[in-house]
Amino acid sequence: MKVLVIGKGGREHALCWKLKQSKRATTIYCAPGNAGTAIDVLNVPIEAEDLRGLVQFAKREDVGLTLVGPEAPLVKGLVDAFQREGLKIFGPKREAAEIEGSKVFAKELMRQAGIPTAEYRVFHSSPDAENYVLSREVALLVRSRGRSTLRHTLHCRTAGETLEAVDRIMDPREMMSPGVQVEIEERGRKRVFSAREEARDFVLGRPLGLVIKADGLAGGKGVYVCDNLRQALEAIDQIMFRRVFGQAGDRVLIEERLDGREVSVLAITDGRTIIPLETCQDHKRAFDHDEGPNTGGMGAFSPSNTIEPAMMEQIEREVLVPTIHALKRARRPFRGVLYAGIMLTNQGPKVLEFNARFGDPETQVLVMRLKSDLLDLLEAAADERLSTAEVEWDPRPAVTVVMAAAGYPGAYERDRSILNIEAAERIEGVKVFHAGTRLRGDSTRPREARIVTDGGRVLNVTALGDTLEQAQAKAYEAARTISFEGAWYRRDIGNPPRDQPRPPPP
């Protein structure tokens, strides 16, 4: 069978690498692919969102099965286009893929199906969203100090009321003489400010537990976890006013922030049978100790050290099964990979978001541990006979470390030569999956061409080990072996949270 993998990231390289191990795969294409897929399989110069070009190629080359990696072509209806031409493809149709394409749709589906998730509000305009944030209770007392027409104490319930009080006190028209100050009291502690902006900064710095999300696809970057009012207002400004994510910011979703440990749960389904994959855990924040902005993912490990079998059964029962049933009732049957980002809270597991495809970089650790034939598994799901499939896993843990380009997750540099990948892969149990790379030179002889950076997340350095600590050590040894100008990576991928001691080795 000829197989086509669509996409050009680390996830797609990992899927190509695993599919290549199938005895039934005669030829594997990757469209458009990267430098790594050019070495392991055959690249096709067709972009992932060129629906017509991909359909024509699959028909011309008699491709037996197509696998869609990224979310954008799914949301655009690539699966629908293939199926209209009688082509076999793994992934959800456009209406089912909306569970990732619209966070608002996903939230409303969860509400209707009784699936546990955070409380939320949806806004269509920046002023409405900002007013909601400023309506948060702060319970501050505001007074004027000095000669002012405002001499009484202002009991401010919300942040908005507090800012209005500060602005009024510091209005020159209210000052009877120079030197008027603002006194803000919080739980008996008083602070005095001589400048309006200093007082406003204090108010906007009040702790806040909100998550601001762009409704549509934003490449994994449209989620802002906000610690204070200022961050929340800045997030709304970025999404809805500056439009950094384009049409994805037409609506914004504001959620209560959930506390707990985040895990990734992926399952393959044909719309009737659900096969959960091995547990894994992603590190989304840019910097060590889960600090900094959200990214597409800076690393992952599998199995998760926070999901016990009983918890996994609960997630399957309360999240996966009702989601698939709800989509079926809505006449949006889902076939493909359902990815649930889960927060393990004190009240039980709650859904943060859904994706309609393999995760990145979760896929990289999962394929390292998958012992079954991936092609057999994907074809069974595409043919709606998943109940006959069996999945076998390597018990050894896997860790993947993302090597990123200077500037990521903001503007990043490209065209930096990458050295020593082959040396890193000589370490036992290590495979380097290419994410943001391309070949410079003769593309017909990929092993002789120069590999350069071509994305923010450049490489996924992945390793298997007898223990999590061993897999982690191998991945970091390999990452230190590789070099390119400006390279950086988190140094705590696979570490337990700071409040959770590392379990003793078995």
| field | helices (runs of 4 or more DSSP H) lying entirely in region 308-398 (those with 3 or more residues that are surrounded by fewer than 19 Cβ atoms within 10 Å (Cβ to Cβ)) | value | 309-315, 321-329
| request: Would you point out the residue of region 230-253, among those that are crowded, with 21+ Cβ neighbours inside 10 Å and in contact (Cβ under 8 Å) with a residue 60 or more places away in the chain, that is nearest to Asp201 (Cα to Cα)? | output: Ala232
| note | Expected output for region 383-408 (first residue farther than 12 Å from Val458 by Cβ and touching a residue at least 40 places away in the same chain (Cβ under 8 Å), partner among the aromatic types (Phe, Trp, Tyr) and part of a strand (DSSP E or B), Cβ below 9 Å, 6+ apart or cross-chain) is Pro397/Phe301; Ala398/Phe301; Val399/Phe301; Thr400/Phe301; Thr400/Phe433
| task | Please tell me if Leu141 is in contact (Cβ under 8 Å) with a residue 40 or more places away in the chain, aliphatic (A, V, I, L, M) and over 21 Å from Leu210 (Cα atoms). | result | yes
| Test for Ala300: is it in contact with a His (Cβ under 9 Å, 6 or more places away or on another chain) and either surrounded by fewer than 19 Cβ atoms within 10 Å (Cβ to Cβ) or within 26 Å of Gly219 (Cα to Cα) (or both) | yes
| note | Out of (1) crowded, with 17+ Cβ neighbours inside 10 Å; (2) over 30 Å from Leu258 (Cβ atoms); (3) within 31 Å of the chain's Cα centre (by Cα), the one Leu141 does not meet is (3)
| Members of region 218-257 that are more than 25 Å from Thr345 (Cα to Cα) and acidic (Asp, Glu) | Glu234, Asp237, Asp250
| request: Out of the residues in region 1-39 that are of a type outside the set (A, V, I, L, M, F, W, C) and touching a His at 6+ places or on another chain (Cβ under 7 Å), state the one that is farthest from Ile89 (Cα to Cα). | output: Gly36
| field | Only one of Arg257, Arg272 that is in contact with a helix residue (DSSP H, G or I) (Cβ under 8 Å, 6 or more places away or on another chain), surrounded by fewer than 19 Cβ atoms within 10 Å (Cβ to Cβ), basic (Lys, Arg) and modelled with pLDDT under 95 | value | Arg272
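The values are calculated or read from the model by the stated rules, or taken from the named source; none is laboratory data. Bear in mind the structure is a predicted one, so any value in this text is a computation, not a measurement. Cβ sites come from the backbone with ideal geometry, for glycine too, and all protein chains shown count toward neighbours.
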